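Here's the structure, in structure tokens; my notes come after.
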Amino acid sequence: MKHANGHDVIQLFEQFAPKKFAMDGDPVGLQIGRLNGPVKNVLVALDVLEDVVDEAIEKDAQLIIAHHPSVYRPLKNMATDTPQGRLIEKCIRHGIAVYAAHTNLDIAEGGVNDLLAEALGLRDTEVLSPLFEDKLRKLVVFVPVSHEEAVRTALGNAGAGAIGNYSHCSFSARGTGRFLPGEGTNPFLGEAGKLEAADETRVETIYPASIEKQVLASMLEAHPYEEVAYDIYPVVNEGRKFGLGRIGEIEQEMALRDFAEHVKKTLEVPALRVVGNLDEKVKKVAVLGGDGNKYFAEAKKAGADVFVTGDFYYHNAHDALALGLNVVDPGHNVEKVMKKGVAAYMRKACREHQLDVRFIASEVNTDPFQFL
């Protein structure tokens, strides 16, 4: 296993939740400290409060990856006799960097909303509110027959050729490639100054544009030629959609009353608010972590029987009733599912890259509300 610094850890994390996924103006990324120091332990937290920083100190964490930014608005000062200034001072004094992944982690596949949908037992989920699409491209590369298998494998391992639940999809056709090596070349086949005709395979595959760099790098590394002949085409096939919220179905239809109890149990909350007829049957569920007030109409339009979200407004509750949409509000803090989810993902990613880093899900309860 290799030692790691903060850049190594965040580079892997951003393959999961790229900063480009974040909504405009969302303050994601490094917020406190530096990433060029060694990192042995990482604390994964929902919020960065002073007792969370104390937990990081106690557990010898050099980095906190948090969902909610600790610095949401630009600071006018950093007076250390204020709660925020004291927190920042404590992080710096103990060499703890703080990195925030907010809406990019909401949007990411396997992020907050997928974790909530999984906890609720939703099946066949789709994005509730699509924001952008990862466009597809087609790669055509000409390979000597001897290296066809190696190049196709490299492309598949880099993520190309993924179609639904299938991976490593490609098409091959044999043909003849012709080239005239110039002066100073060192051709894999043939010799300089002599026209060469080689048995080659045309290999075709598709890939999402977001991984083009790694796909091309893998293809070029596996290809034996000095100069590789390849073409890239835009594809009109629909790519993966990314956005906020998820919508799917629970396994068995149930009354809203029973579904609310299911939400309490699976998301581990002591109480919640419900809008709608408690005896009405629900099956199709939309879920959006955090504050989903802007999206209840989209949930209804998508065919949801019930919308699970936090911080729901009084007047929006009236509007949801008028639309015939049930709402279950378990609060904002249910996004705590990201602590174990992100820690598990990063443990696996670091094992695969042979990085000696331990990920710890914060045990501090940061929910400010109590129920009497």
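For the chain, modelled as a GNM whose springs connect Cα atoms under 10 angstrom apart, the maximal fluctuation among P187, P69, P38 occurs at P187. Centre-to-centre separation between the Cα atoms of the stretch 1-55 and those of the stretch 168-231: 39 Å. The candidate values are (i) 57, 52, 41; (ii) 87, 53, 35; (iii) 87, 56, 53; the one derived from this structure for Cα extents along the principal axes in Å carries the label (ii). Within straight-line reach of K138, meaning a Cα separation under 13 Å, sit the following aspartates and glutamates at least 8 residues removed in sequence or on another chain: E204, E212, D231, E238. Among the trypsin sites (Lys or Arg not before Pro) in the stretch 1-85, those located in a DSSP loop and surrounded by at most 11 other Cβ atoms within 10 Å of their own Cβ are K76. In this structure, the amide hydrogen of V308, modeled 1.01 Å from its nitrogen in the peptide plane, lies closer than 5 angstrom to those of A286, V287, L288, V328, counting only residues at least 5 positions away or on a different chain.
Using the 1.4 Å probe convention, the accessible area of the stretch 148-244 works out to 62 Å² per residue with neighbouring protein chains retained. Among the chymotrypsin sites (Phe, Trp or Tyr not before Pro) within the stretch 107-200, those in coil by DSSP and having at most 16 neighbouring Cβ atoms inside 10 Å are F188. Cross-link check: pairs K59/K340; K300/K348; K265/K300; K2/K59 evaluated at a Cα-Cα cut-off of 28 Å; pairs beyond the cut-off: K300/K348.
The values are calculated or read from the model by the stated rules, or taken from the named source; none is laboratory data. Since we're looking at a predicted model, the values are computed, not measured. Every residue, glycine as well, gets a Cβ built from its backbone with ideal geometry; the counts of neighbours run over all protein chains shown. Heads up: the accessible areas ignore ligands, DNA and RNA and are worked out on the full protein's heavy atoms, side chains in. Shrake-Rupley method; radii C 1.70, N 1.55, O 1.52, S 1.80 Å.
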